[in-house]
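Below is one structure, written out as structure tokens; the observations come after it.
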Amino acid sequence: MDFEFSQDQRLMQDSLRGVLAARQDMAAARRLADGAGFDPALWAALAEAGVFAVPVPEAQGGLGLGPVDTVLLLEEFGRALVPAPAAETLLAAGLLARCGTPAQQARFLPGIAAGTLRATLALAEPAGGFGVAEVTLAARPRPGGWALSGRKALVPQAAEAQLILLVARFGEAGQLGVALCPAAAPGLVRREHAGLDLSSRHHLRDLAEGAFGGEDVVGGAPDPAHAALL
């Protein structure tokens, strides 16, 4: 069995490395650390290079490539200290491509592929780490959907993302799921949170009875089959 990367994968990686070498050197990384932690020009260059289209299915305007291709892009992000939420947007696209409903894919993936929709991931919580057992953000049933309450910590570049994927526990059974929440949704309060990574800004997100419908849960309204989303 051949585990080597294909020629197309190597060309894709080399192409991204060239784009980043021209725009994201150590001086640029220092400017981001001293500034807002987000570079619109760099984001536009990544979008123009088709980076965000890689994990998006062709039916949604993407390239329909796989997780290995995404990992090669993330490797170059790390090499060049590309700030959030570039990596987070790729990971969100991969999750939606694999687990999202057709309606969710049609709603979000074309914008991600085009670079017009930025997404970030809300996993960690102040009292714990990134593990599954530490998730306490609660989603309680309410008429027409769910209500979220709790707090997420170290949400990467929440000030620039338009979509936040929130990992929460649903109902009394406490099964895990992922809620798709617009960054400007009522009930979400953002506060900047100091971290060791100065190349991106991180935020605390407080949720006080933020409401959303079953169509805003990745894969649809929770059932036991979605307990393994993570």
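Values computed for the structure shown
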| item | result |
| --- | --- |
| Residue satisfying condition, being modelled with pLDDT of 95 or more, open to solvent by less than 10 Å² (accessible area, probe 1.4 Å), farther than 16 Å from Gln162 by Cβ and in a helix (DSSP H, G or I), within set Leu109, Leu96, Leu72, Leu90 | Leu72 |
| Any pair with Cβ under 6 angstrom, 6 or more apart, that starts in region 177-203 at a residue that is on the phi > 0 side of the Ramachandran plot and ends at one that is assigned to a strand (DSSP E or B) and at pLDDT below 80 | Gly187/Leu207; Gly187/Ala208; Gly187/Glu209; Gly187/Gly210 |
| Single residue of Leu154, Leu180, Leu123 found to be modelled with pLDDT under 95 and touching a Lys or Arg at 6+ places or on another chain (Cβ under 8 Å) | Leu123 |
| The lone exception for Thr136 - which of (1) modelled with pLDDT under 90; (2) outside any loop (DSSP other than H, G, I, E, B); (3) surrounded by 14 or more Cβ atoms within 10 Å (Cβ to Cβ) it fails | (2) |
| Counted residues, region 75-86 - those being free of Cβ contacts under 8 Å to residues at least 60 places away in the same chain and either hydrophobic (A, V, I, L, M, F, W, C) or open to solvent by less than 30 Å² (accessible area, probe 1.4 Å) (or both) | 2 |
| Matching residues in region 186-204 - criterion: being of a type in the set (D, E, K, R) and at pLDDT 75 or above | Arg190, Arg191, Glu192, Arg201 |
| Pick from region 35-69, criterion touching a residue at least 60 places away in the same chain (Cβ under 8 Å) and over 25 Å from Phe5 (Cβ atoms), ranking: least open to solvent (accessible area, probe 1.4 Å) | Gly37 |
| Yes/no for Leu20 being not in a helix (DSSP H, G or I) and not polar (S, T, N, Q) | no |
| First in region 139-167 and touching a residue at least 60 places away in the same chain (Cβ under 8 Å) and closer than 17 Å to Ala119 by Cβ, second anywhere and assigned to a strand (DSSP E or B) and of a type in the set (Phe, Trp, Tyr), Cβ under 6 Å, 6 or more apart | none |
| Pick from region 121-133, criterion hydrophobic (A, V, I, L, M, F, W, C) and closer than 23 Å to Ala93 by Cα, ranking: surrounded by the most Cβ atoms within 10 Å (Cβ to Cβ) | Ala122 |
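The values are calculated or read from the model by the stated rules, or taken from the named source; none is laboratory data. What you see is a predicted model; the values in this text were computed from it and never measured. Here Cβ is always computed from backbone atoms with ideal geometry, including for glycine, and neighbour counts include all displayed protein chains. Just the protein is used for accessible areas: all its heavy atoms, side chains included, with ligands, DNA and RNA removed. Shrake-Rupley method; radii C 1.70, N 1.55, O 1.52, S 1.80 Å.
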